[in-house]
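No value in this document is a laboratory result; all are computed from the given coordinates. The model shown is predicted, which means the values in this text are computed figures rather than measured ones. Backbone-built Cβ (ideal geometry, glycine too); neighbour counts: all protein chains shown.
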Amino acid sequence: MTKTITKIGNSQGLMFDAALMDLAHLKVGDQVAVSIHEGGTIVLTPVRPVISAEKAASTAKRLIHENSELFRRLS
């Protein structure tokens, strides 16, 4: 995919169309880490929030409790 750098106000930027945003699982407001590699390669990496093990465990327990009847029928 080729994109063209365009002028946006006093800056320059790339416009990401909806298909690219969907493929990258990004939405407006998401943060990306920008790194520059040898040879000028620019890499954008989505910054995903990290949750603690305790938060993940409590969420899993809540979902299991809320869906216990469904899980029982599926087993």
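What is the order of Met1, Met15, Met21, fewest Cβ neighbours within 10 Å to most?
Details: Met1 6, Met15 10, Met21 13.
By the 10 Å Cβ count, ascending: Met1, Met15, Met21.
If you take the square roots of the eigenvalues of the alpha-carbon gyration tensor of the chain and sort them as a ≥ b ≥ c, do you get rounded (a/c under 1.5), prolate (a/b over b/c) or oblate? The shape class here is prolate. Simple rule: put +1 on each Lys or Arg Cβ and -1 on each Asp or Glu Cβ in the range 6-74, find the dipole, and look at Leu44, Thr59, Leu14; the Cα lying farthest toward the positive end is Thr59.
FRET efficiency for the Asp30 to Lys3 pair, using the beta carbon distance and R₀ = 25 Å, is estimated at 0.90. In a fully extended conformation the segment linking His37 and Ala57 would gain 3.5 nm over its present Cα-Cα distance, using 0.36 nm per residue.
Before anything else, pin down the relative contact order of the chain: Cα pairs under 8 Å, at least 6 apart, normalised by residue count, whole percent. Let's see the in-between values first.
Details: 36 pairs, mean separation 10.4, N = 75.
Relative contact order for the chain comes out at 14 percent.
Classified by the C-alpha gyration tensor, the range 35-75 has a prolate form. Its axis ratio a/c, with a ≥ b ≥ c, is 1.5 or above, and a/b is larger than b/c.
Could you pull out the trypsin sites (Lys or Arg not before Pro) across the chain that fall in loop regions by DSSP (anything but H, G, I, E, B) with no more than 14 other Cβ atoms inside 10 Å? Write out the running numbers ahead of the final one.
On the way: sites: Lys3, Lys7, Lys27, Lys55, Lys61, Arg62, Arg72, Arg73; in loops: Lys3, Lys27.
Qualifying residues, ordered by number: Lys3, Lys27.
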